[in-house]
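The structure appears right after this line, and notes come after that.
The values are calculated or read from the model by the stated rules, or taken from the named source; none is laboratory data. Predicted model only: the values in this text are computed from it and were never measured. Virtual Cβ from ideal backbone geometry, glycine too; neighbours counted across all protein chains shown.
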Amino acid sequence: MLEYEKNIRFKVNNREYAVAVSADESLAFVLREKLGLTGTKITCEKGECGACTVLLDGRAVDSCLVLAPDIDGCEVLTIEGLADDKGLDALQEAFIEEGAVQCGFCTPGMIMSAKGLLLENPDPSEGQIKKALEGNLCRCTGYYSIVRAVRSAAKTIREQASEAK
Amino acid sequence: MSHKVIGKSELRARVIDKVTGVQKYAHDRKIHGMLYAKLLRSEHARAKILSIDVSETLKLYGVVAVVRGEDIEKPMPRFGSVAQDQPLLADGEVKYHGEPVAAVVAQTYEIAEAALKTIKVEYAPQPSVCTVEEALNQDIPPVNGGESNVFRQFDFGWGDVEEAEKQSHYVLRDTYCYPMIFHFPIENYSCLAAPEDGGVVLYSPIQHPHLLRRVVADCLKLPFSKVRVIGEEIGGAFGGKGYAKAEPLAAYLALKLRTPVKIAMDMDEGFFMARRLAARVDITTGFDENAHITFQNIIADYLIGAYADAAPRVVQKAGYLSGGPYRTPHAKMIARAIHSNTVSSTAFRGFGMPQLVWAFEQQMNQAALHFGMDTLEIRRRNLPYKGETLVPGDIPVDGDWHEVLDKAAKLLDWGKKQKPGQGKSLAVGIKTGIPNSTSNAIVKLHSDGSVTVNAATAEMGQGARTVFAQIAAEKLCVPYQLVSVILSDTGAAPYDTSTAGSRSTVSMGTAVEKACEDVLLQVKELAADLAGMDIESIEVNEGVIRAGEREMTYSQLVQGTYGPNQGDIVGRGQFRGDNTKGHLLGGMADFYEFIIVGAAVTVDEKTGKIDVDKLVSASDIGKVMNHLQAKGQEEGGMIMGLGQAMMECMRYDPATGRLLNGNPLDYCVPTAMDISDEVAGVLIENADGPGPFGSKGMGEGPAIPVGPAVGGAVFDATGVMLRELPITSEKLFFALKDRDKNKSVS
């Protein structure tokens, strides 16, 4: 155990938090154990499986590999923050619609990786989707339905954006 | 007959929870005052334990207790579903790399984990065995004592194989190998035990809650009524979370320390929990001059690991069907469960069949070449028709398997010309449901007209919860959204054999269906009572009760009977599988799970690289209960099969018997980049199954024959017949070199 402790302030799902963290704590640990946000899953803790993926300042990251002291002043979006008063995010809707959820354990990380992709690239090709999700392991679906869901959500989001113009 | 809810892609139960992060799994569960246990695991494949020094560990802040095998009262409590052979903690010796030797119980997970490093164990290593060949070598003492490592042997067969061999026109004899495979659930293993009422409550992501209850009760000498298992929503299981793992130890620690104890594993520890049985299959098949099978003679040697777990049952049940899906006039099968100093093995999607299917389907491709026959045609000639006998004394063929074959061939564009380097193949997957099983369900119709189903089936992503809600909604004519399904609590749900063998739709589905019928009968009785009429005069249609001129809703009936806002109508239903006396498996199969998978590949001959262009499946499932979920099982199963076909393999160091790749970096499973470019499937519905609405079991099927589908496609593309999985590019590269060398010699 390291003795070092640091008080950090950061935003999670648009809410301000101030917590004391030690140097060896990961963002995933802080989210789950200190903030009670257990939607973010922990599996491999090595950045291999992607179950703990969240958005850190808009970019998809493995939260098990991010050290908690480094997130001082950052903005985090987790699966719990994706839906709002207006309803589910287009990705959540598409995952349901396409049957891209089975046991559901990889789902939060998978959706957050897809969210990161669509923020960067609103019209990804099938190959780009597969590449972006390569780091998120799913043992149930065989990925086909997940790829279909991301394509479908991307289309919905683009249509909504063009309607808004 | 048209259905309102069955067959529709109704919303997966709790899917909103799953996409919003609301869904809780075992790992998320905490109880006030809960302690964490972490396990110290053996570094050796086989060793005597000379001493375990925990003096430094006990001094650490936050450490509550350290328990070693020697600290547990003797005789050491042991557990297991087939044999009670697994000690709570190693009892003076270790039998595989990763076996738990001590448990540290601490205030936090992190303290417990760090404390493990302070335990000093002195071992005296012993020679170990980690392959079938080594295990059958008599020079090394058997893993569990006795005369040999052959723990169980099962003999099956019919006819006269020796005579049939003499009469055969062509005989093929080959050996096929299937490696150890890890289930690799994305949710790690964990469980939580809390003392209660002189017994224990166990929270676990367990497939078979009643079986776990029995195993823990037997191990700790508690009555069943004092062990309550609450099965959590499972984050992937595939057979790996069927049988007791750390639960007996968690229960023991909770009772000993009189406080809740959680054992949470990391992913690497998962590799020490369970795996698929490795197998070496010697298969001899005879054919007549028209390529009809004349006999099969099979010796299937399964490497089961240090302890029995469910492996002997896997060996027995698969061995029974090792003749495969074809007409076999004469058959002789020997299936052996062989101990080794490796992780114990258990059920895994297909229950011993993928190992056999790999052998007999690759051999069919080989035979087709000999006869100069299309690989589709040789299968067509040997596949039985509906009603024919497959295994004497068991149910006849229960589906139109030729329809399945033809539809799969069509999906794969069979007969279409291919470019050089391209190849395609179909492979048949088959298995039987679980014989002599029981399921019970309770359906409660509430006073507001909504419905709750109680059943002990586990939800692990296969979609049982959704299907049961659909059955109840259909039978009772209530809106699907008004049905809740509470699963897996042995304190609330009646007995169920297991969530395994693709049985839940058929078995528990039937129990739910019958419980709904029981509810409807009671509805009529109560309505007759209320209206002062005969029960025969009561009609229930579309959820509306008619008693003469009077019409009532369910809600009005319940409240009319029991008073405002009071009462439930409670229905019970049961499914019993066949239990024919003297049957070798305890009873006949409920159904055959029959599927054909096809693969189209392109091989780069220079490098051995294999691109899987297309995967297809055709499944005989009787009736689709939920289209989206059924399709999900097909696609997901094929990719699980593809991993086993092309990349997955647990590797043991032959020198030390240590597992070399027990982590997610070194053990590769398919990612989104590894799937085929195209996928297609067809679900065949002839409503000829024993389950509700004519359904049969499905879900395991698509994972079973992917190995020989890819292997056959590679054979088609290159002429190279591989007999050991996985088919890696490296393996193919060297096999292609050998092929070319032999060509130039001849």
Restricting to the stretch A:58-91, and then to whatever is farther than 19 Å from A:L133 by Cα and charged (D, E, K, R), can you tell me which residue is farthest from the other protein chains (Cβ to nearest Cβ)?
A:D72
Lone unmet requirement of (1) among the charged types (D, E, K, R); (2) at pLDDT 95 or above; (3) more than 25 Å from B:V616 (Cβ to Cβ) for B:D716
(3)
Just to check your reading of the model, which residue among B:A347, B:A311, B:A337, B:A318 is buried (at least 24 other Cβ atoms within 10 Å of the Cβ), small (G, A, S) and either out of contact with any helix residue (DSSP H, G or I) (no Cβ under 8 Å at 6 or more places or on another chain) or at pLDDT below 95 (or both)?
B:A311
Quick check, is B:F715 closer than 18 Å to B:V428 by Cβ and in a helix (DSSP H, G or I)?
yes
Limited to the stretch B:363-387, what total is found for residues that are farther than 13 Å from B:G429 by Cβ and either of a type in the set (D, E, K, R) or in contact with a Pro (Cβ under 6 Å, 6 or more places away or on another chain) (or both)?
6
Are any of the residues in the stretch B:674-682 more than 14 Å from chain A (Cβ to nearest Cβ) and under 30 Å from B:L390 (Cβ atoms)?
yes
Based on this model, can you work out whether B:M76 counts as away from every other protein chain (no Cβ under 14 Å) and at negative phi?
yes
Residue tally, condition more than 7 Å from every other protein chain (Cβ to nearest Cβ) and part of a loop (DSSP other than H, G, I, E, B), over the stretch A:111-137
7
Residue count for the stretch B:494-508, restricted to those that are crowded, with 24+ Cβ neighbours inside 10 Å and over 18 Å from the mean Cα position of the chain (by Cα):
0
Total residues in the stretch A:91-110, condition crowded, with 24+ Cβ neighbours inside 10 Å and in a helix (DSSP H, G or I):
8
Would the stretch B:209-221 turn up any residue that is surrounded by 22 or more Cβ atoms within 10 Å (Cβ to Cβ), of a type outside the set (D, E, K, R) and within 14 Å of chain A (Cβ to nearest Cβ)?
no
I want to confirm something. Restricting to the stretch B:642-669 and keeping residues that are touching a Leu at 6+ places or on another chain (Cβ under 9 Å) and closer than 18 Å to B:T602 by Cα, which single residue is nearest to the other protein chains (Cβ to nearest Cβ)?
B:L642
By residue number, the members of the stretch A:92-110 that are touching a Leu at 6+ places or on another chain (Cβ under 7 Å) and more than 8 Å from chain B (Cβ to nearest Cβ) are A:M110
The stretch B:1-68: strands (runs of 3 or more DSSP E) wholly inside it with 3 or more residues that are aliphatic (A, V, I, L, M), touching a residue at least 60 places away in the same chain (Cβ under 8 Å) and crowded, with 20+ Cβ neighbours inside 10 Å are B:35-41, B:47-53
Which numbered condition trips up A:L88, out of (1) touching a residue at least 12 places away in the same chain (Cβ under 8 Å); (2) in contact with a helix residue (DSSP H, G or I) (Cβ under 8 Å, 6 or more places away or on another chain)?
(1)
Taking the stated definitions as given, is B:G608 on the phi > 0 side of the Ramachandran plot, crowded, with 24+ Cβ neighbours inside 10 Å and more than 12 Å from every other protein chain (Cβ to nearest Cβ)?
no
Here are the criteria: (1) on the phi > 0 side of the Ramachandran plot; (2) surrounded by 23 or more Cβ atoms within 10 Å (Cβ to Cβ). Tell me which single one B:V485 does not satisfy.
(1)
If A:K46 meets every condition in (1) of a type outside the set (G, A, S); (2) crowded, with 17+ Cβ neighbours inside 10 Å; (3) part of a loop (DSSP other than H, G, I, E, B); (4) facing chain B (nearest Cβ under 7 Å) apart from one, which number is that one?
(2)
For the stretch B:612-623, check the following and say yes or no: at least one residue is under 30 Å from B:K386 (Cβ atoms) and surrounded by fewer than 21 Cβ atoms within 10 Å (Cβ to Cβ).
yes
Restricting attention to the stretch B:240-276, and to residues there that are basic (K, R) and under 25 Å from B:I338 (Cβ atoms), which single residue is farthest from the other protein chains (Cβ to nearest Cβ)?
B:K245
Failed item in (1) away from chain B (no Cβ under 14 Å); (2) modelled with pLDDT of 95 or more, with A:E163 passing the rest:
(2)
Sort out which residues of the stretch A:138-160 are of a type outside the set (A, V, I, L, M, F, W, C) and more than 8 Å from chain B (Cβ to nearest Cβ), and write them in order of number.
A:R148, A:R151, A:S152, A:K155, A:T156, A:R158, A:E159, A:Q160
Of the candidates B:L426, B:L390, the one satisfying the condition of being under 19 Å from B:S619 (Cβ atoms), in contact with a helix residue (DSSP H, G or I) (Cβ under 9 Å, 6 or more places away or on another chain) and buried (at least 20 other Cβ atoms within 10 Å of the Cβ) is B:L426
